[in-house]
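Read through the structure below, which is laid out as structure tokens, and then see the notes.
The values are calculated or read from the model by the stated rules, or taken from the named source; none is laboratory data. Computed from a predicted model, the values in this text were never measured in an experiment. Backbone-built Cβ (ideal geometry, glycine too); neighbour counts: all protein chains shown.
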């Protein structure tokens with residue numbers, strides 16, 4: 001039985017390397033959230049320094065990568081659909097699941113406050129929109145939604161050229177860096193300002209990244225090897241500085257010029273890995289993970305909280321490396337299972353307002369084929 005609908009995903013004609021890229025990103029994001037959730041539960045993560053080093057080493061480029069990947073498709077989507085359908089799609093596939101799973105997560109955290117390490121109150125429902133950082137991971141979907149809405153509106157209604165958007169992105173980026181050094185709190189606006197630039201970069205490189213030339217160059221060792229050396233160097237200094245300062249956000253907030261380099265080099269090496277995996281059809285499950293990245297992001301905290309309680313409180317597993325692997329795996333696998341169960345029960349509306357017609361039809365065809373074979 002195809003529990004993750006992987007045959008449909010792997011046979012899909014969409015750009016496969018994007019799924020691989022999102023798969024890499026969402027696993028790194030899940031590792032970060034897994035690390036933080038276990039640490040907040042009272043475990044001494046310093047007993048295993050390698051776990052902390054991994055957490056910081058891959059911290060710098062994960063989120064910029066998501067915004068670049070989304071920006072790659074904005075111009076094509078606007079040409080094909082127009083502004084109103086594009087923005088409607090973002091409401092259906094980004095804002096809606098953020099609100100649904102944000103409300104579910106906050107409700108569960110309040111109901112089981114004695115078993116979780118969260119501190120939420122009824123006002124947290126409103127914070128999903130105006131201060132999503134205080135609600136946990138939902139800040140990303142909030143920023144991704146508003147960045148796409150603002151960018152597309154300026155592009156269509158004000159005929160903003162790419163260089164206009166880039167200038168605006170740079171201004172907003174350095175404004176966010178300045179705000180980070182002050183005590184001012186501008187809520188969700190800070191993340192919009194910080195990541196608008198990376199969305200612009202995605203649009204800027206879109207034509208090239210969707211071409212055959214990019215696929216050839218990003219799998220060429222003449223390009224990959226020096227890039228990999230640059231990646232290791234930038235990530236080394238990024239990690240060293242953050243660990244020395246005792247702040248994972250130190251480079252991001254205090255060294256904005258260096259952070260751009262770290263982010264872009266990290267994104268480029270991730271794309272190299274994604275193009276190579278697509279070319280050689282390796283680690284196909286990673287592509288399936290990337291396809292489900294939003295589903296995973298929406299309910300990974302819930303999944304990992306339950307998993308952590310189960311493995312530690314019931315099975316009494318307290319060896320940190322093993323616990324991290326088990327909780328991380330559950331944070332990736334459980335959301336995909338839940339999503340596919342929802343599809344089969346016609347409860348797709350738990351994750352999107354846009355009915356996945358092709359995916360549902362594929363499942364129906366598979367059921368018919370199976371029943372005929374029996």
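Numbers for the structure displayed
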| read-out | value |
| --- | --- |
| Residue check for residue 152: within 24 Å of the chain's Cα centre (by Cα), at pLDDT below 95 and surrounded by 15 or more Cβ atoms within 10 Å (Cβ to Cβ) | no |
| Residues located in segment 8-31, provided they are free of Cβ contacts under 8 Å to residues at least 60 places away in the same chain, surrounded by fewer than 20 Cβ atoms within 10 Å (Cβ to Cβ) and in a helix (DSSP H, G or I) | 11 |
| Only one of 286, 326 that is more than 19 Å from the chain's Cα centre (by Cα), at pLDDT 95 or above and within 30 Å of residue 100 (Cα to Cα) | 326 |
| Enumeration of residues in segment 302-322 that are assigned to a helix (DSSP H, G or I) and either over 15 Å from residue 36 (Cα atoms) or touching a helix residue (DSSP H, G or I) at 6+ places or on another chain (Cβ under 6 Å) (or both) | 302, 303, 304, 307, 308, 310, 311, 312, 313, 314, 322 |
| Residue count, segment 323-374 (criterion: surrounded by fewer than 18 Cβ atoms within 10 Å (Cβ to Cβ) and not in a helix (DSSP H, G or I)) | 8 |
| Residue 141 surrounded by 21 or more Cβ atoms within 10 Å (Cβ to Cβ), closer than 22 Å to residue 69 by Cβ and at pLDDT 95 or above | yes |
| Test: residue in segment 46-54 that is over 20 Å from the mean Cα position of the chain (by Cα), at pLDDT below 95, crowded, with 21+ Cβ neighbours inside 10 Å and farther than 30 Å from residue 260 by Cβ | no |
| Test: residue 165 is within 18 Å of the chain's Cα centre (by Cα) and either free of Cβ contacts under 8 Å to residues at least 60 places away in the same chain or not in a helix (DSSP H, G or I) (or both) | no |
| Helices (runs of 4 or more DSSP H) contained entirely in segment 42-146, each with at least 3 residues that are under 22 Å from residue 271 (Cα atoms) and in contact (Cβ under 8 Å) with a residue 24 or more places away in the chain | 49-57, 62-71, 74-81 |
| Residue ranges of helices (runs of 4 or more DSSP H) in segment 182-262 with at least 3 members more than 24 Å from the chain's Cα centre (by Cα) | 212-217, 221-245 |
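Listed here are the residues, each with its yes/no results for (1) more than 30 Å from residue 197 (Cβ to Cβ); (2) surrounded by 19 or more Cβ atoms within 10 Å (Cβ to Cβ); (3) modelled with pLDDT of 95 or more; (4) within 21 Å of the chain's Cα centre (by Cα).
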site: 44; (1), (2), (3), (4): yes, no, no, no
site: 71; (1), (2), (3), (4): no, yes, yes, yes
site: 74; (1), (2), (3), (4): no, yes, yes, yes
site: 93; (1), (2), (3), (4): no, no, yes, yes
site: 112; (1), (2), (3), (4): yes, no, no, no
site: 136; (1), (2), (3), (4): no, yes, no, yes
